[in-house]
Structure formats: C-alpha cells, structure tokens
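A short write-up of the structure that comes next.
The values are calculated or read from the model by the stated rules, or taken from the named source; none is laboratory data. The structure presented is a predicted model; accordingly, all values stated were derived computationally and were not measured. Here the Cβ positions follow ideal geometry from the backbone for every residue, glycine too, while neighbour counts run over all protein chains shown. With ligands, DNA and RNA removed, areas are computed over all heavy atoms of the protein, side chains included. Shrake-Rupley method; radii C 1.70, N 1.55, O 1.52, S 1.80 Å.
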Amino acid sequence: MQILDAERESKIWPLFRLGFRVFFLGGALFATLAMAIWALTLSGAPLLPGITNPIWWHAHEMIFGFGLAIVAGFVLTAIQNWTGIPGIRSWPLALVAGLWLLPRLLMPLRGELNLLVMVLDLLWLPLVAGMLARPIIQIKQWRNLFFVPLLAFFTLLNALSYYAAFGHNWLLAERVFITAVLALTALLAVMGGRVIPFFTSRATNTEKPQPIAWLEKLSLGALWLSTLGWLLLPRTALFNGLLALILLTAAIGNLARLARWNSRLTLKIPLLWILHLGYLFIPLGLLAMAAALQQWGITVSLASHWLTAGALAAVILGMIARVSLGHSGRPLEIGRSMVVAFALIIVAALLRSLLPLLAPGMTVIAYHGSALAWILAFGLFCWIYWPVLTRPRVDGRPG
C-alpha cells in the first residue's frame with residue numbers, strides 16, 4: 001500500500017498533495033500582496049481600478065480571501081487525521097484552489113460588483129464543505145460535521161457582503177464583516193481549545209489541563225451567541241447593552257480558559273508563545289467590541305482589529321508555521337527569522353489596535369506601520385516556507 005501511495009504521490013506536484021500546502025502558501029502570499037496594495041492605496045496609488053469601495057475590498061479580502069483560505073487549508077488537511085481517509089489532493093485540490101484564486105485576481109480589475117467575480121467567489125467554500133462532508137458522513141464522525149454548516153454560514157455572509165456592496169449599503173456590509181470576524185474568532189477559540197493545551201503539554205512535558213465542561217460551554221456558547229447577535233439584533237440601546245454583556249461573558253470565559261493552559265511555560269518556545277499571545281487578543285478584542293457597542297471611546301472598526309490584526313493574524317501565523325513543519329515531516333523547530341516574523345505580527349497588531357486609541361493623532365502612522373510589519377511578517381513566512389510547502393515530505397511519506 002505504501003509503495004502504491006508513493007507511486008501515485010510522485011505524479012502529483014507537491015503543492016497539491018495536501019490542502020495545507022497550497023492554501024497556507026497561497027493565503028500567506030495573498031496576505032502579503034493584499035496588505036501592500038492596501039497600504040499603497042491609502043497613500044493614493046491607483047492600484048484598485050475596478051473597485052468602487054476600497055474599504056469594502058480590504059475588509060472582504062482579509063476575511064474571505066485570506067482568513068478563510070487558511071481555514072480551508074487546515075480542515076482539508078485535518079480531515080484525514082480525523083477520519084483516517086486520505087485527504088483531497090491532485091486535480092480536485094487544484095480546482096478548489098483555483099476557484100479561490102480567480103476572484104482574488106479578478107476583483108481589483110473587474111470590481112466587487114462584477115457578476116463573474118461574485119459567482120466564482122461563492123463557489124469555492126461550498127466545494128470545500130462538500131469535500132469535508134463526504135468522509136465525515138462516511139464514518140459517521142458527527143463531532144466534526146459542524147465545519148460543513150459553518151462553511152455554509154460563511155458562504156451566506158459572503159453573499160450578503162456582495163449584496164451590501166451592490167446596494168452601496170455600508171452599514172449592512174460592516175455588520176456582515178464583523179459577524180464574519182466573530183465567527184472566525186469563535187472557530188479559532190474552538191480549535192485553539194483543542195490544540196494549544198495539547199501542543200503545550202507535549203512541548204513542556206507537563207500534564208494537559210482537562211477542559212472544564214461548564215467553562216467551555218459558557219465561553220464558546222457566549223462567543224457563538226454574540227456572533228449571531230451581531231448579525232440579527234436591532235441596533236438599539238437595549239440590544240446593544242445585551243450584546244455587550246454577552247461579549248463580556250465570552251471575554252471573561254476565554255481569558256479563564258487561557259489562564260489554565262500554562263502560558264508561563266512557553267516563554268522560551270516561540271511556536272508556543274505566539275499561539276498563547278495571539279489567543280490573548282481574543283478576550284481583549286471581545287472587551288473592545290463590548291466597549292464599542294457602549295460607545296466608550298472606541299469605534300467598532302478599531303475594536304475589530306484587536307481580533308483581526310491581533311488574534312486571527314498571530315494565531316494563524318503560529319499555526320501555519322507549526323502545521324507546515326509537522327505535515328512535511330520536519331522537526332518542530334524554527335530559526336531566528338521566523339521568530340522575527342512572530343514579533344513583527346505582534347507589533348502589527350499593537351500598532352493597528354492600540355496606537356490609534358492612545359494617540360489618535362498618530363492614526364495614519366499606525367496604519368502604515370502596522371501594514372509594513374504585517375507585510376514583513378507574512379513575507380518572511382513565504383520566503384522561509386516556500387521550499388517546505390513546494391517540495392515533497394523529507395521522510396518520503398505521502399502528504
């Protein structure tokens with residue numbers, strides 16, 4: 001069986017041998033390029049000739065272009081570990097990756113209102129969901145089936161974002177984008193709770209803290225509830241207060257979860273401290289979102305960047321750095337350049353989320369400084385991991 005697997009594998013370009021390869025590298029390359037375009041656009045460069053609303057493009061592409069590409073790479077890789085059934089590879093993987101890439105390339109030229117762009121961009125996530133559903137249903141592993149309706153929910157949000165763009169309804173677009181950010185944050189909290197304590201216990205030779213059932217239900221339930229509440233609740237003082245209370249509950253719950261994961265033991269292990277520090281931005285971001293709803297000196301846009309530039313970016317960078325090593329048969333060790341990338345992404349998060357709050361007069365500097373640090377961080381990842389993701393596993397195994 002191994003000989004047959006190796007023979008088949010040798011005929012597949014390494015980039016399409018497993019989902020993490022093409023989507024981690026593609027997502028990181030896109031994150032670097034899209035942020036560079038955004039920074040130059042803020043400076044007045046006409047790099048988005050087809051786009052009606054550059055702010056819409058920036059928000060949409062960071063969420064649905066970058067963030068969900070990483071999610072797709074993760075789940076399309078993890079599915080074979082969960083089910084024991086080989087993951088999607090070869091031309092089916094190339095097809096779904098191409099459907100993800102085409103809207104990214106066409107949108108700046110054709111615009112966010114172009115029908116072809118919309119159709120292509122609404123196809124790739126349902127295709128990923130179908131690829132996930134088949135093996136899960138085949139072995140009746142219902143625990144992981146929740147990814148399928150979750151990807152359908154993201155597809156609905158994506159469709160709503162195009163509907164808002166078509167109607168030039170920025171209030172609806174912002175509501176949709178923040179909902180998507182909260183949903184990604186909730187997904188991050190679910191997966192983080194599964195892997196961060198496990199990774200920490202293995203690397204530090206300590207006992208893995210067992211989840212407390214009521215705390216898990218409270219912290220994750222409040223986070224999912226706040227996601228739906230942000231999308232559906234009316235924007236009145238009463239409902240804003242209720243939603244802020246739910247966000248506060250989610251923040252305290254997730255801070256309590258993190259406090260049990262032995263973060264103090266990770267200070268000398270970069271592949272761990274980046275995950276713990278990135279996760280810390282989740283409760284901080286949820287607190288900021290609650291404050292924004294109550295109009296306590298912070299805008300919704302600024303508050304949301306605690307979650308996007310902070311939690312999502314840092315945890316994603318840490319996860320793709322680790323997963324790429326593990327699934328390519330390499331030791332879980334990184335060099336100084338990748339540690340610099342981790343430091344830069346934290347700097348990017350703090351510049352974007354904290355500096356405008358402390359010094360509003362430096363907001364423009366914060367935008368550009370954060371963008372530069374982001375570009376350098378993901379650019380370093382692309383440079384370091386290009387050979388890892390585009391070459392066969394070093395141990396000769398499939399994948």
Can you pull out the trypsin sites (Lys or Arg not before Pro) in the range 1-70 whose DSSP state is coil and whose Cβ has at most 14 other Cβ atoms within 10 Å? K11
Here the relative contact order (percent) of the chain, from C-alpha pairs under 8 Å and at least 6 apart, is 18
Kirkwood hydrodynamic radius of the chain, Cα pairs, Å: 21.5
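Percent of accessible area on the range 136-199 owned by carbon and sulfur, 1.4 Å probe?
Answer for the range 136-199 is 70 percent, counting heavy atoms of protein chains only.
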Check every DSSP H run in the chain and write down those whose alpha carbon atoms cover 15 angstrom or more along the long axis and whose mean Kyte-Doolittle hydropathy is 0.0 or greater. 19-42, 68-83, 90-110, 124-139, 147-166, 170-204, 213-232, 237-259, 270-293, 313-326, 336-353, 363-390
Ranking by accessible area, most exposed first, for H368, H327, H276 with a 1.4 Å probe: H368, H327, H276
J(HN,Hα) series, the range 262-268, from Karplus relation 6.51 cos²θ - 1.76 cosθ + 1.60, nearest Hz, glycine and proline x: 6, 4, 4, 7, 9, 4, 9
Accessible-area order (highest first, 1.4 angstrom probe) of the listed residues T227, T299: T299, T227
Probe of 1.4 angstrom, ligands and nucleic acids ignored: what's the accessible area per residue over the range 48-133, in square angstrom? 35
Cα-based reach from K208 at 23 Å (exclusive), listing lysines while leaving out same-chain residues under 8 positions away: K217, K268
The Cα radius of gyration of the range 341-388, divided by 2.2 N^0.38 Å with N its residue count, comes to 1.29
Mind listing P(r) for the range 1-125? All alpha-carbon pairs, 10 Å bins, whole percents. 13, 39, 28, 14, 6, 1
Rg/Rh of the range 113-222 (Cα atoms, Kirkwood Rh), to two decimals, equals 1.08
Where does the Debye-calculated log10 I(q)/I(0) of the range 185-263 sit at q = 0.16, 0.20 Å⁻¹, using only Cα point scatterers of equal weight, no solvent? -0.61, -0.83
Between P135, L95, A164, whose Cα lies farthest towards the positive end of the dipole of the chain when Lys and Arg beta carbons carry +1 and Asp and Glu beta carbons carry -1, centred on the Cα centre? P135
Note down the net charge around L93, summing +1 for each Lys or Arg and -1 for each Asp or Glu among other residues with Cβ under 10 Å from its Cβ. +3
